[in-house]
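Input: a single structure, listed below in structure tokens.
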Amino acid sequence: MNITPRHLAAAQFTIIGTFQVAAWWMLLSPVNRAVEQLRFIFAPGYELRQFFAWLALATFITVAIALAYWFKQAAVRPLASILFCASGLLLVLSLWWFDTTFIFSYGLGLFCAAWVRFWPNMAVKRDTPQAARPLP
């Protein structure tokens, strides 16, 4: 198996997504009180409501990006461009709402996404999943 930039991006976003899902798991445990906790977190008067709303959105987007990068079709130009833009959106979101851990992680994820997007395609038939050349 050749490790390509797509695999590195998938690993990076999987690490970030796992961290975020674990944070939500800890926040919402025990399970029998999760609904009450969610009502409290997203109550109109709670001062950290926007932070948690953006964290929930970032978690869903991160997990979706991580899953997408594990498939070969993520190396195809249109999908690679969409994933690159979504990675950039997550970096901007982390600059606005989150701390340096998220900023660094999403910055590294954006670097990997850019690597996948701008990796030269050496195939005769452009934009096919098999087109990515292996790392030396």
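The values are calculated or read from the model by the stated rules, or taken from the named source; none is laboratory data. All of these numbers come straight from a predicted model, not from anything done at the bench. We place every Cβ from the backbone using ideal geometry, glycine too, and count neighbours over all the protein chains shown. Keep in mind that these areas ignore ligands, DNA and RNA; they rest on the heavy atoms of the full protein, side chains included. Shrake-Rupley method; radii C 1.70, N 1.55, O 1.52, S 1.80 Å.
Over the chain, with every protein chain in place, what whole percent of the accessible area is carbon and sulfur at 1.4 Å, could you tell me?
72 percent
Taking segment 1-62, which chymotrypsin sites (Phe, Trp or Tyr not before Pro) meet the DSSP loop condition and have no more than 14 other C-beta atoms within 10 Å?
Qualifying residues, ordered by number: PHE42, TYR46.
More than 17 Å apart: what percent of Cα pairs in the chain qualify?
When every Cα pair of the chain is considered, 61 percent fall beyond 17 Å.
Determine the relative contact order of the chain: mean sequence separation of Cα pairs under 8 Å and six or more apart, normalised by residue count, in whole percent.
Computed value for the chain: 35 percent relative contact order.
Given points 7 Å out from each Cα along the Cα-Cβ axis, report the GLN50 to ALA64 separation in nanometres with one decimal.
So the label points at GLN50 and ALA64 sit 2.3 nm apart.
Report the FRET efficiency, 1/(1 + (r/R0)^6), for SER81 and THR101, where r is their Cβ-Cβ distance and R0 is 22 Å, rounded to 0.05.
Working: r = 27 Å, r/R0 = 1.23.
Step by step, r from the Cβ atoms, then E = 0.20.
With a probe of 1.4 Å, find how much accessible area segment 61-124 has per residue, and write the answer as a whole number in Å².
Here the per-residue accessible area is 55 Å².
Tell me, in nm to one decimal, what length is gained between TRP115 and LYS72 on full extension, where the rule is 0.36 nm per residue of separation less the Cα-Cα distance? Display every interim value, and only then the final one.
Details: separation 43, 0.36 × 43 = 15.48 nm, distance 1.48 nm.
Working it through step by step, the gained length comes to 14.0 nm.
Counting only helical runs of four or more DSSP H residues, what would the 222 nm mean residue ellipticity of the chain come to if each run contributes -39,500 (n - 2.57) and the total is spread over all its residues? Provide the component values of the computation, followed by the final result.
Working: 5 runs with 92 residues, N = 136.
Calculated mean residue ellipticity at 222 nm is -23000 deg cm²/dmol.
Can you give me the accessible area per residue for segment 1-59, using a 1.4 Å probe, in Å²?
Computed with neighbouring chains in place, this is 65 Å² per residue.
To one decimal place, what Kirkwood hydrodynamic radius in Å is obtained for segment 19-80 from all pairs of distinct Cα atoms?
Computed over Cα pairs of segment 19-80, the Kirkwood hydrodynamic radius comes out at 13.5 Å.
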